[in-house]
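A short worksheet on the structure shown next.
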Amino acid sequence: IDVPGGTLTLTTGDLEPEGEPIPLWEFVGLPIVTARIAGVDYRMFFDTGAHLSYFQDPAIKQFPEEGMEPDFFPDGGDFVTQTHRVEMSLGGIVVKLRCGTLPQSASAALTMANATGIVGNELLLNRRVGFLPRQGALVL
């Protein structure tokens, strides 16, 4: 996925993109990565359809506020969340993503997967990202 270059490469073969491979797991078909936030590892869904990232932990309050943001969750409808600029490491890559918190009604899937958040598509905006679920990797 190359948002800056405006290209998307799909293949039934194997790709070998340059970058740092990050282990990728699946829970009922949804991709999960490990993000290190404030020295703690968290399981997080990787969701290319989420314009915001989400971090369902009280530690979010230690990060700078970025304002209120409206969003929509398919099973929960419209909501508004306070966002924070959260620094996280994905493998050896450090990123700062705008994160909110989901309403209780929308966080059930996270609980079932023992996940604490969602890494949204802001991760894609300034870099090429290899999303390789068959190879069990996200390449940054």
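The values are calculated or read from the model by the stated rules, or taken from the named source; none is laboratory data. Note that this is a predicted model, so its numbers are computed, not measured. Positions of Cβ are generated from backbone atoms using ideal geometry, with glycine treated the same way; all protein chains shown enter the neighbour counts. Please note that ligands, DNA and RNA were not included when accessible areas were found on the heavy atoms of the full protein model with its side chains. Shrake-Rupley method; radii C 1.70, N 1.55, O 1.52, S 1.80 Å.
Odds and ends about this structure:
- Residue count for region 94-140, restricted to those that are among the basic types (Lys, Arg) and either in contact with a Ser or Thr (Cβ under 6 Å, 6 or more places away or on another chain) or open to solvent by less than 60 Å² (accessible area, probe 1.4 Å) (or both): 1
- Inside region 34-93, residues that are β-branched (Val, Ile, Thr) and either under 17 Å from Val129 (Cβ atoms) or surrounded by fewer than 12 Cβ atoms within 10 Å (Cβ to Cβ) (or both) make up a count of 5.
- All positions within region 1-43 that are under 14 Å from the mean Cα position of the chain (by Cα) and within 18 Å of Val94 (Cβ to Cβ): Ile22, Pro23, Val33, Thr34, Ala35, Arg36, Ile37, Asp41, Tyr42
- Strands (runs of 3 or more DSSP E) fully within region 21-140 counting 2 or more residues that are without any contact (Cβ under 8 Å) to a residue 60 or more places away in the chain and among the polar types (S, T, N, Q): 77-90
- Any hit, region 2-11, residues being of a type in the set (Asp, Glu) and touching a Lys or Arg at 6+ places or on another chain (Cβ under 8 Å): yes
- For region 2-15, the set of residues classified as surrounded by 10 or more Cβ atoms within 10 Å (Cβ to Cβ) and under 17 Å from Ala137 (Cβ atoms) consists of Asp2, Thr9, Leu15, listed by residue number.
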